[in-house]
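One structure is given here, and the rest of the page talks about it.
Coordinate-derived values only; no laboratory data. Keep in mind that what you see is a predicted model, and the values were worked out from it rather than measured. As a convention, Cβ positions derive from the backbone with ideal geometry for all residues, glycine included, and neighbour counts pool all protein chains shown.
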Amino acid sequence: MAEIAWALGKILFMLVFVFTVLVVMIWGERKGSAFIQDRIGPNRASIGGVIRLGGLVHPVADVLKLLFKEDLVPGAVNRFFYTMAPFVVMVIALVTFAVLPFGDAIYLGDKVIPLRIADLDVGILYLLAITSLSVYGIVLAGWASNNKYTFLGGIRSTAQMISYEINMGLAVLALLLVYGSTRVDAMVVEQGQLLFGFLPRWGVFLQPLGFVLFLTSVFAETNRTPFDLAEGESELVSGYNIEYSSMKFALFFMAEYASMIVAAGFISSLYFGGWQVPWLDTITLREHAGTFLGVSLWVGAVFNLLFAALLWKRYRRERGLLGDRRELEPLVLGIVFFILALVCLGAVVIASPWNLGEQGAAHFATVVQVLSFILKTLFFSWLFIWVRWTLPRFRYDQLMKLGWQLMLPLGLLNFFVTAAVVLLAR
Amino acid sequence: MQLHFATVFVFLALAVGFAVIAMVISWALRPKKPGTVKESPYECGEQPEGSPWIRFNVRFYLIALFFIVFDVEVVFLLPWAVVFKEMLAVLGSFAFWEMVIFIAILLVGLAYVWGKGDLAWVKGLPPRDEEDLEALSWYESGRFSTDRRSVHTSAKPEGV
Amino acid sequence: MEALFFYLFGGLAVITALVTITRRDAVTSAFWLIACFLNVAALFAMLSAQFIAVMQILIYAGAIMVFFLFVTMFLGEPRRVRLNRGRAIPLISTVTVLLLAYLLMRITNTQHRGFPSISDSYGSVAMVSRKLLVDYVFLFEVTGLLLLVAVIGAVYVARKPRTGVGEGEGHV
């Protein structure tokens with residue numbers, strides 16, 4: 001019974017995590033593109049005319065807007081498959097998370113609850129299998145919509161995704177050689193050691209070429225620029241999702257970001273140590289838990305106070321400039337930061353975190369590791385945005401040439417060399 | 001192990017549940033006013049013309065064929081990669097060579113497809129008329145990369 | 001609990017298979033066949049055959065069906081492309097029903113001996129790999145040759161429609 005409760009809890013945590021990062025990512029996409037293109041970006045949507053959070057309210061407003069939009073279903077569509085497509089895309093994007101470890105484990109006495117949703121023996125192969133299915137959502141949407149653009153978008157992206165799936169498979173094969181296990185959690189555990197005594201033993205240092213191949217294939221699999229030919233605004237308007245509106249479109253939109261978050265999670269788990277904190281293994285983290293916690297609380301208190309002071313200053317400076325409730329925002333946020341600073345200080349003084357006890361230290365280590373995973377995932381999510389607003393789109397023949405004539409031989413070479421090294425190093 | 005697959009299934013059910021709930025809420029809230037104009041397929045504001053299910057290029061079909069073959073090959077290498085370290089202890093370097101043979105056979109196939117020019121997306125075809133020739137020479141002059149070997153044309157490539 | 005899931009997935013597999021063969025439109029059929037394959041994969045997973053389950057998804061549902069879809073979509077408009085039932089259908093279905101009846105009869109007549117209990121790792125990736133690479137290594141290499149033939153065949157077959165369909169019609 002307790003096991004089922006834990007499993008449900010982990011699934012819910014994962015869903016909440018995905019949707020939170022999703023909102024942050026949509027915000028990051030807009031604000032990041034604005035930053036790269038020297039614009040201001042979204043800043044209008046607000047809660048009560050006061051809280052704007054630099055545009056962070058916009059994704060929420062978008063979802064609300066799409067909820068209230070009329071759902072236009074063009075005539076002559078294949079209604080069943082037309083309705084199925086957004087579900088398929090969304091569900092497949094979410095389900096991929098199942099084998100992704102987002103932390104070490106929660107230790108409750110002698111009970112160990114590993115922090116991943118399903119402990120499948122097939123591990124990373126599950127990722128490959130689900131990725132191979134993700135083609136169908138797009139092909140369904142493209143085919144069932146009774147529209148030329150969607151059809152072309154669907155066909156294009158199918159050919160693109162299957163071409164890069166092989167390269168992804170080859171990169172994963174080389175990883176299997178290195179780690180000798182299909183389980184993602186085993187791979188992450190192995191990455192906790194040190195290489196040559198000073199580098200973290202991350203996949204990216206063991207498999208640099210494999211990492212580049214995997215990263216490129218993942219970009220192609222998520223239909224993300226420079227591989228977004230399925231959407232190709234200049235040619236196909238918006239590709240496979242043109243005929244969708246309202247919540248159906250929202251599902252496509254969210255699924256696109258969700259799959260990017262999964263991809264970021266897998267990149268960080270396979271090549272960047274996942275939940276491992278570089279140079280700090282679990283034992284060290286536990287031994288010095290009290291010190292780390294105390295120091296971070298002090299740092300937190302100082303920074304929160306600093307933010308509060310800056311916001312207060314800004315409030316004083318900008319008061320009367322806008323002439324409406326918007327100028328209250330620095331004040332409100334400043335108060336929030338001030339309260340946070342007080343909480344940190346209070347925790348330092350009252351709870352005396354310098355002495356956590358064994359259980360507390362274990363929990364502290366787990367939390368830090370989960371945070372490490374979240375930070376890495378956020379960074380690679382940002383990488384997707386960064387690349388999108390930096391690189392132009394490929395032409396279709398270039399895409400195919402890159403996939404089949406460059407990456408496939410390179411992937412095979414990488415696999416062969418890795419095997420040879422393993423053979424010689426035995 | 002079955003328990004863990006059951007967890008995946010629960011996850012799947014929850015994900016579907018989430019999507020269904022979102023759709024139901026939206027269905028309850030949104031206006032429903034269909035009309036003939038709204039129902040017409042989107043074609044940038046023009047009158048839709050012809051069937052949307054156009055015939056697409058045969059190359060897509062070829063890519064799918066190659067994909068099956070190479071995917072199966074990757075799948076056959078998977079078990080080998082998983083137990084390679086273990087097999088080294090049992091079989092010695094034969095474990096390595098059995099993979100090398102397999103990949104070598106695979107490479108013959110790749111080389112064949114490559115040599116036939118079927119991996120190149122822009123595959124040259126004999127030009128049919130003046131217009132084709134003109135297009136071709138333009139195509140080759142820029143930074144376009146074509147598979148020049150199979151282009152039977154007198155147009156001299158100028159650039160790379 | 002296990003029986004419940006077995007009947008759920010088994011039933012779904014049968015239903016989707018029936019839908020597959022009763023659709024007149026080839027593309028729709030192909031989509032239903034994918035659903036059928038997924039249910040079969042779930043059945044494999046329930047039998048502790050994890051590797052086979054994943055391969056079922058990866059190869060059958062993920063690769064071969066993409067090809068099927070491409071071929072059926074390549075044929076053009078769904079209203080025009082109808083699956084030809086042919087006159088052999090009644091004969092084939094009669095034979096199938098008879099075979100099925102015979103199978104059911106044998107199953108119901110056989111005494112249930114129960115299944116041998118197997119460990120959870122029986123169908124795991126490592127177990128399958130050991131079998132494949134030690135006991136069946138020759139077949140493993142022959143499979144490589146088979147794939148080579150498949151590649152060459154693919155190139156050869158794809159050359160044919162090029163004259164018939166007309167290259168100029170290709171829309172990228």
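For A:Thr377, C:Thr20, A:Thr284, what ranking results if the residue with the fewest other Cβ atoms within 10 Å of its Cβ goes first?
With the fewest neighbours first, A:Thr377, C:Thr20, A:Thr284 line up as A:Thr284, C:Thr20, A:Thr377.
What nm value, rounded to one decimal, do you get for the distance between A:Leu322 and B:Ile101 when each label is placed 7 Å out toward the C-beta?
7.4
Only helices at least 30 Å long along their axis, Cα-based, and averaging -0.5 or more on Kyte-Doolittle count here, so list those DSSP H runs from chain A.
Sorted by number, the helices that extend far enough and score high enough are A:2-36, A:124-144, A:148-179, A:246-271, A:289-318, A:329-350, A:357-388.
Residue by residue through the range A:278-283, which ³J(HN,Hα) values in whole Hz follow from phi under the Karplus form 6.51 cos²θ - 1.76 cosθ + 1.60 (θ = phi - 60°), with glycine and proline marked x?
Values, residue by residue: x, 6, 10, 7, 4, 5 Hz.
Can you tell which of A:Trp389, C:Met55, A:Gln193 lies farthest toward the positive end of the dipole of the protein assembly as shown, using +1 and -1 charges on the Cβ of basic and acidic side chains (Lys, Arg; Asp, Glu)?
It is A:Trp389.
Only Cα pairs under 8 Å and at least 6 apart count here; give the relative contact order of the range A:259-372 as a rounded whole percent.
41
Pick out, from C:Leu91, C:Thr20, C:Ala45, the residue whose Cα sits farthest towards the positive end of the charge dipole of the range C:2-106, with +1 on the Cβ of Lys and Arg and -1 on the Cβ of Asp and Glu.
Towards the positive end, the residue furthest out is C:Leu91.
Computed over the Cα atoms of the range B:1-89, what is the ratio Rg over Rh, Rh following Kirkwood?
Result for the range B:1-89 is an Rg/Rh of 1.22.
Set the Förster radius R0 to 51 Å, insert the Cβ-Cβ distance between A:Ile350 and A:Lys65 as r into 1/(1 + (r/R0)^6), and round the FRET efficiency to 0.05.
In this case the efficiency is close to 0.70.
Decide, for the range A:1-95, between rounded, prolate and oblate: order the square roots of the alpha carbon gyration tensor eigenvalues as a ≥ b ≥ c, take rounded if a/c falls under 1.5, and otherwise choose prolate if a/b is larger than b/c, else oblate.
oblate
What spacing in nm lies between the two simple spin-label points modelled at A:Val367 and A:Ser296, each 7 Å away from Cα in the Cβ direction?
Result: 0.7 nm between the two label points.
Please arrange A:Glu318, A:Glu327, A:Glu165 by counting, for each residue, the other beta carbons lying within 10 Å of its beta carbon, fewest first.
So the residues, fewest neighbours to most, are A:Glu318, A:Glu327, A:Glu165.
Please report, in debye to the nearest 20, how large the charge dipole of the range A:289-355 is about its Cα centre when each Lys and Arg carries +1 at its beta carbon and each Asp and Glu carries -1 there.
220
Convert 4 °C to kelvin, take the viscosity as 1.567 mPa s, use the Kirkwood radius over C-alpha pairs of the range A:3-44 as Rh, and evaluate the Stokes-Einstein diffusion coefficient in µm²/s, rounded to a whole number.
D, rounded to a whole number, is 107 µm²/s.
Determine, from the Cβ-Cβ distance of B:Gln47 and C:Lys131 and an R0 of 60 Å, the FRET efficiency 1/(1 + (r/R0)^6), rounded to the nearest 0.05.
0.45
Set the Förster distance to 51 Å, then compute FRET efficiency between C:Ala101 and B:Val90 from the Cβ-Cβ distance, nearest 0.05.
Step by step, r from the Cβ atoms, then E = 0.60.
Fewest Cβ neighbours within 10 Å first, please rank A:His288, A:His58 accordingly.
Final ranking by Cβ density, sparse to dense: A:His288, A:His58.
Put a dot 7 Å past each Cα toward the Cβ at C:Ile152 and C:Thr108; how far apart are the dots in nm?
Calculated label separation equals 5.2 nm.
Which cross-chain or sequence-distant (5 or more) residues have an amide H under 5 Å from the amide H of A:Ala105, H modelled 1.01 Å from N in plane?
Distant-sequence amide H within range of A:Ala105: A:Leu115.
Would you mind checking the radius of gyration and Dmax of the range A:360-410 based on alpha-carbon positions, in Å?
18.8, 57
How much length would be gained if the chain were fully extended between A:Leu331 and A:Val387, taking 0.36 nm per residue of separation minus their Cα-Cα distance, in nm to one decimal?
The span from A:Leu331 to A:Val387 would gain 16.6 nm if fully extended.
Using every pair of alpha-carbon atoms in the protein assembly as shown, split the distances into 10 Å bins beginning at 0 and state the percent of pairs per bin, rounded to integers.
Cα pair-distance distribution for the protein assembly as shown, in percent: 2, 12, 21, 25, 20, 12, 6, 2, 0, 0.
If the range A:289-355 were replaced by its equivalent ellipsoid, with semi-axes equal to the square roots of 5 times the Cα gyration tensor eigenvalues, what would those be, largest first, whole Å?
Ellipsoid semi-axes (Å, largest first): 32, 9, 6.
Find the eigenvalues of the gyration tensor of the Cα atoms of the range C:2-106, then list the square roots of 5 times those eigenvalues as equivalent ellipsoid semi-axes, largest first, in whole angstrom.
Taking √(5λ) for each Cα gyration eigenvalue gives 26, 21, 11 Å.
Sorted from largest down, give the three principal axis spans of the alpha carbons of the range A:183-338, whole angstrom values.
57, 54, 24
Can you list the aspartates and glutamates whose alpha carbon is less than 17 Å from that of A:Lys313, not counting same-chain residues fewer than 8 positions off?
Output for A:Lys313: A:Glu327, A:Glu329.
Counting residues in chain A as N, plug N into 2.2 N^0.38 Å and put the Cα Rg over that result.
This ratio for chain A stands at 1.08.
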